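Below is one structure, written out as structure tokens, with a few remarks after it.
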Amino acid sequence: MYIESKMASVASETVVIELLKSKCMPIMFYGPEVYPLHKSDIKSIDYALNSCLKKIFCTNSPEIISECRDMFHCLPDKDVIAEKKEIFAAICEF
């Protein structure tokens with residue numbers, strides 16, 4: 001990930017995570033409310049996010065990555081997609 005490689009030596013993990021959440025995650029979650037995603041698509045998004053967190057926190061432990069996602073409020077991908085679909089459905093009811 002470009003942000004992580006440029007900022008890791010200068011910024012704290014918190015700053016890098018906030019950049020990830022504000023710049024990268026919106027791109028990763030763009031459009032799933034109108035396009036049907038398969039389980040493999042969701043797993044691919046989850047893998048990309050987990051890979052970034054593994055690099056940021058220098059770990060391969062799934063338990064640590066899960067704890068970091070909870071601590072920094074990075075919801076599981078399927079929950080984010082479900083929330084976006086609910087919002088979209090509510091908007092389209094008008």
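The values are calculated or read from the model by the stated rules, or taken from the named source; none is laboratory data. Just so you know, these numbers come straight off a predicted model, no measurement behind them. Neighbour counts are summed over all protein chains in view; Cβ atoms, including those assigned to glycine, are modelled from backbone coordinates with ideal geometry.
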For this session: Mind listing just one residue for me: the one in the range 47-86 that is at pLDDT below 90 and β-branched (Val, Ile, Thr) and, of those, farthest from Val15 (Cα to Cα)?
Result: Ile81
For this session: Among what's in the range 24-40 and is at pLDDT below 90 and part of a helix (DSSP H, G or I), pick the residue that is farthest from the chain's Cα centre (by Cα).
Result: Lys39
Problem set entry | Set Lys43, Lys85: member being part of a helix (DSSP H, G or I), without any contact (Cβ under 8 Å) to a residue 40 or more places away in the chain and surrounded by 11 or more Cβ atoms within 10 Å (Cβ to Cβ) | Lys43
Exercise. Looking only at the range 12-40, which residues are of a type in the set (Phe, Trp, Tyr) and without any contact (Cβ under 8 Å) to a residue 12 or more places away in the chain?
Worked result: Tyr30, Tyr35
Problem set entry | Hits in the range 53-74 - residues which are surrounded by 13 or more Cβ atoms within 10 Å (Cβ to Cβ) and hydrophobic (A, V, I, L, M, F, W, C) | Leu53, Ile56, Phe57, Ile64, Ile65, Cys68, Phe72, Cys74
Problem set entry | Where Thr14 falls short, out of the listed (1) at pLDDT below 90; (2) surrounded by 15 or more Cβ atoms within 10 Å (Cβ to Cβ) | (2)
